[in-house]
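Shown next, in structure tokens, is the structure this report addresses.
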């Protein structure tokens with residue numbers, strides 16, 4: 001009789017890594033289900049484009065009451081499709097297979113916040129081992145229930161054989177955020193210049209001159225001269241009056257220029273941000289070979305130091321040797337990365353402990 005082990009993970013990329021790790025650990029991809037909220041359809045679109053590896057490659061759209069559009073794969077797809085139309089929704093469906101009410105509600109709320117549900121079909125004898133594997137891969141919550149697979153389903157009725165030698169092997173993805181700082185142009189404002197005609201009254205004073213003709217008769221009594229006799233004839237004389245008038249004219253002159261330009265200045269701005277990364281701490285269980293004690297036959301460089309002091313160094317060396325990123329690398333290529341990570345947690349101590357790290361690395365590599 002089978003069991004289903006449910007687990008919550010932070011986001012969809014993390015869930016992708018978990019499903020891939022489970023496949024490498026011997027789990028049949030057809031027995032792994034993934035459920036994720038997908039309000040914009042981005043996950044389903046990626047699946048159609050072939051960009052989703054492992055168990056999530058057969059994602060199907062689903063509408064979950066209280067969550068909205070979602071995508072689901074594996075046995076969980078048929079299970080929810082059969083029950084999702086009921087008024088009980090996701091919470092009711094989960095409680096039917098053994099979830100406690102608060103736990104089912106917690107899963108629903110986690111889906112709303114963007115977390116992802118992974119459900120693994122497992123034989124009852126291996127269910128505990130599956131729980132431990134999911135916890136090692138970073139599960140936030142793990143719940144074991146009765147099997148959700150159809151009883152007559154040949155695809156899920158027989159457990160897939162576990163690969164030889166890798167029954168307990170899982171891969172923990174080490175995720176590190178990297179800060180990328182770029183630039184973009186934004187409109188911060190500017191000026192708009194309008195020109196229009198206005199009228200302004202002008203007052204000027206002008207001095208004008210005018211002439212008037214005056215006629216004056218003056219009585220005289222004298223003898224007529226030759227000049228008087230020359231004028232003694234008929235005729236007429238015209239004398240004109242003149243006057244000045246105001247003449248107004250206008251001319252246009254440029255009295256000012258408006259120059260519009262842009263001045264470019266450069267400045268340096270400091271960006272403060274926080275990035276996250278996965279910090280892996282290896283804690284050997286009782287009886288494990290990777291106990292953090294010095295391997296047999298290995299001498300300490302620091303004579304007189306307690307062997308327990310070198311425990312973190314040997315655990316770190318074992319962790320490096322088991323890291324997929326360095327699977328085919330030589331120590332001289334790995335050491336700069338190992339030094340940097342060690343010094344971040346233990347500043348100024350690499351030279352003291354590097355031999356212990358190297359010895360643990362070499363020992364696990366020779367196995």
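The values are calculated or read from the model by the stated rules, or taken from the named source; none is laboratory data. Computed from a prediction, not measured in an experiment: that's the story for all the values here. Note: ideal-geometry Cβ built from the backbone for every residue, glycine included; neighbour counts use all protein chains shown.
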- Task: Give the number of residues within segment 241-290 that are modelled with pLDDT under 85 and surrounded by 10 or more Cβ atoms within 10 Å (Cβ to Cβ).
- Result: 9
- Of all the residues that make up segment 241-275, how many are within 30 Å of residue 212 (Cβ to Cβ) and free of Cβ contacts under 8 Å to residues at least 12 places away in the same chain? 3
- Check 293, 366, 358, 315 and return the single one that is loosely packed, with under 15 Cβ neighbours inside 10 Å and either out of contact with any strand residue (DSSP E or B) (no Cβ under 8 Å at 6 or more places or on another chain) or modelled with pLDDT under 55 (or both). 366
- Qualifying residues in segment 323-355 (those that are more than 25 Å from residue 21 (Cβ to Cβ), outside any helix (DSSP H, G or I) and touching a helix residue (DSSP H, G or I) at 6+ places or on another chain (Cβ under 9 Å)) - the one modelled with the highest pLDDT: 349
- Residue list for segment 10-41, restricted to those being in a loop (DSSP other than H, G, I, E, B) and either within 16 Å of residue 77 (Cβ to Cβ) or under 20 Å from the mean Cα position of the chain (by Cα) (or both): 10, 11, 28, 38, 39, 40, 41
